[in-house]
Amino acid sequence: MALTITDANAQEIIGSGKPVIIDFWATWCGPCKQFAPHFDAVAKANTDKAVFYSVDVDVHPELASKYAVESIPMVVYIKPDGTTDSSVGYMDQEQFATAVAAHLN
C-alpha cells in the first residue's frame, strides 16, 4: 500500500535516491477512488524499484500547488535527479503499470 506524503516529509522522500511516484487525489473524486486500488497494486509490485505516495489535495493543497495539480487523479513521477513528469486522469492497472515501467528506465 502507498504511504502518505506530507509537507514535513516531502524533501526527505524526494531525496531518497529512488524514483518517487505520487498519486494526487481527493475523497470526493470518483475517478480517484476507482484508480486507488490500481495505484496500490502497482506500488506493491514495485516497492523495490520506486517509492509510492498518495496525497489528498484537500489536506495538502501546498503540495498540489508545488506540482501544479489542476485536475485529479494526477500522478507525478519524480526521478532521483529531481526531474518530473506527470499524467492526468484515470488509468486501469495495466495502463498504470506500463506508465510506471516507462518512468523507471
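The values are calculated or read from the model by the stated rules, or taken from the named source; none is laboratory data. Remember, predicted model here, so these are calculated numbers, not experimental data. Don't worry about glycine lacking a Cβ; one is built from the backbone with ideal geometry, like all the others, and counts go over all protein chains shown.
Some notes on this structure:
- Single condition ASP92 does not satisfy, out of (1) at positive phi; (2) at pLDDT 95 or above: (1)
- Pair list, Cβ under 7 Å, 6 or more apart: region 12-34 residue at pLDDT below 90, other residue in a loop (DSSP other than H, G, I, E, B): ILE13/ILE5; GLY17/PRO80; LYS18/ALA50; LYS18/PRO80
- Region 24-79, residues that are at negative phi and of a type in the set (Gly, Ala, Ser): ALA26, GLY30, ALA36, ALA41, ALA43, ALA45, ALA50, SER54, ALA64, SER65, SER71
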